[in-house]
Every structure is written in structure tokens, then in C-alpha cells.
Amino acid sequence: MPGSEVYVGFDLGGSFLKASSFGMDGALQERFSIDTQWCQRAENYLDLFKDAIKSLSTDKHPKGIGVAVAGVLDLDAGKVVDSPNLPALCGVPFLGMLKDVFSPVPLQMMNDANAAALGEYFAGAGAGYESMFIITLGTGVGGGFVQNGQIWRGASGMAGEIGHMIIEKNGKPCTCGSRGCLEAYFSSWALERDAKAHAAQHLDSAIGSLDEIAPIFLAELAVSGDHDARAIWENGGYALGVGIANIMNLLNPASIVLVGGLMNAKEHFLPSAQRAWEANSFEQASRSSKVFLGKLGEWAGVRGAIQPFLRN
Ligand SMILES: [Zn+2]
């Protein structure tokens, strides 16, 4: 008896290799996750890919393998051009190596942010909406626009950088060298900067008493009712809402999907974000651009990685 056919999606990051098997209709079957922090060479990563395929497709035939990679990719050369989280793969023709290992199964590679966007668009919070803008809230702030199933890349792949949308002229300095970027007001590093500034001025405050300043501890203080911590979240949330209002007015996407680690503290910043997008966008735009929380979490990328096969 021949086994059933599956697609296998991968998401390779600096900490984990995640993988899932999917039916021919894209329905999730099984999941696999393994630590990658010990990997020193491309061959180490290849071994983990082989283990994952073995685990996910016992008695099954992979019909296609989709791979999302955290980094800047040269898809024509099949190379990882740059990846702060995967230094061992920088400059390595990793797609070709994977193809050699899994030949003759067809293989597709894409950037992890694009894969996560496609995952949420086709199988997550954006499913059923013709257009979606995804905003990733974490250490930095990323974004991407998907319309009619296609990622809007722009002339050189730079489209969607909402984290560096200027929301205040001559505003706070950003890591990109510019000033007033959304990311300089709401991101893990911006929250930490504001909390540290507060702690330096108010040593006897609850924030000043923290052993370590990080979003997770700021969220705990906000839960406990600390006004200073709540104000930092609310101010950041308002800045996020201004960015969302700009997206609503500029693109009027049918859905706006929020994902990323900071969403764990959503109750502390979403109400002020909503006040901001309602106050700063055209009513018709904000009424028709629905804001959703992501549905697939850290598994969006593996689902997006197999999307090229489902289109065919
Ligand atoms: Zn910036």
C-alpha cells in the first residue's frame, strides 16, 4: 500500500528548527521542533532537516518541501546572503545543499517574514480577506503587505517596513540611524529604553526596583497595577496605533494582523492603540480595515513555506 502524500514546511531560526507535515489541501498533520543553537556548520543543520523529514513522513511521500529561513536570501543563487541569527549559513548555497539531500522532491525557499505573512494570510487570521497587512511586534517591528495572495515586495524587496515609518518628525533616535520611527516608540528595545530612563530618575519606583528591565517584567508590573509601567505600555501602544492609522489610510487593507512576542502583553497596549487608530484614520478606512490577532503564532512560517506548492 502506498502511503499518503504530504507537503513538509520548515522554519529555520537561530534557536529552533520547526517543521510540520500538511495534507495536499494544506491541512496541518504533525509538528516537529528541535533546538538549533548547537549547530556550528551547514552540515549540522542538514542533519536536523533529515531527522525532521524522517519523523514527519514515515510511511508518507513528501510531494514538496518548503523552507523558510531567517535572513536575507538570494533565491536565484539559492544562497543565504546575510543572517545575524544563522552566521554559519551566511554565504552558503544552502538551498542547493538541501536539494541534493532531498532530490527528487521539489524544494522552495523563502525569507521567514514572508513565510509567516503567507501563513497568516492563507491559513490564519487573514484567511478569507483579499488583502492583509501583517505587523510583527518584537525586538524590532516588521511588516508585510499581501494582496490577492502575493507579497508586495516593492522595487527592491524593501516594502512593508512599518517599523521605520516616521510617526514623529525629528523624533526619538532609531537603530536604523533615522529619527521618529515607529520602532523607536514601540518595540522591545524602545520599551526597555523608556523603562531604564524612568528607573534612572525614580530609583524608588517599582520600575527602579526591577533587577532586570525587559518587556516581560514591565508587563508583570502593569498587571500588578503599577501606573508607571502601565503608562509606558500605553504610550507605546498609542504610537503603534498611529502607525496602524497610517496603514489604514494609505492601503486600507481588508485585514491588519498583529503578531510577535509583544502580543503576550496585548492587554496593556491594544486599548490605547485602538484609540489612536480610530482618532487618526478616516472613519471609513478604520471601519473596513479589521485588526486581528495572529492565529498561528510561531507556526505561521512553516505553513507559509509550503504555499508555493498549493498554488500549483
Ligand atoms: Zn528606524
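The values are calculated or read from the model by the stated rules, or taken from the named source; none is laboratory data. This is a predicted model, so every value here is computed, not measured. Quick reminder, even Gly has a Cβ in these numbers, built from the backbone with ideal geometry, and neighbours come from all protein chains shown. The accessibility values were calculated without ligands, DNA or RNA, using every heavy atom of the protein model including side chains. Shrake-Rupley method; radii C 1.70, N 1.55, O 1.52, S 1.80 Å.
Take residue 159 and tell me if it is at pLDDT below 95 and more than 13 Å from the ligand (Cβ to nearest atom). So residue 159 passes the test.
Total residues in the stretch 290-312 satisfying the condition of being open to solvent by less than 70 Å² (accessible area, probe 1.4 Å) and touching a residue at least 60 places away in the same chain (Cβ under 8 Å): the figure is 15. Identify all residues within the stretch 167-194 that are under 26 Å from residue 210 (Cβ atoms), within 8 Å of the ligand (Cβ to nearest atom) and open to solvent by 40 Å² or more (accessible area, probe 1.4 Å); write none if there are none. Across the stretch 167-194, the qualifying residue is only 175. Is it true that residue 21 is farther than 19 Å from residue 303 by Cα and surrounded by 13 or more Cβ atoms within 10 Å (Cβ to Cβ)? Judged against the criteria, residue 21 is not a match. Among the residues here, residue 153 does not qualify as within 10 Å of the ligand (Cβ to nearest atom) and either of a type in the set (A, V, I, L, M) or open to solvent by 60 Å² or more (accessible area, probe 1.4 Å) (or both). Is it the case that residue 278 is under 29 Å from residue 20 (Cα atoms) and assigned to a helix (DSSP H, G or I)? Here the answer is no, as residue 278 does not meet what is asked. Taken together, the residues in the stretch 24-78 that are under 18 Å from residue 298 (Cβ atoms), touching a Gly at 6+ places or on another chain (Cβ under 9 Å), part of a loop (DSSP other than H, G, I, E, B) and open to solvent by less than 20 Å² (accessible area, probe 1.4 Å) amount to 2. The set of residues in the stretch 1-17 being charged (D, E, K, R) and open to solvent by less than 30 Å² (accessible area, probe 1.4 Å) consists of 11 alone. Right, residue 142: open to solvent by less than 30 Å² (accessible area, probe 1.4 Å), near the ligand (Cβ under 8 Å from one of its atoms), of a type outside the set (Phe, Trp, Tyr) and under 18 Å from residue 112 (Cβ atoms) or not? No, not satisfied.
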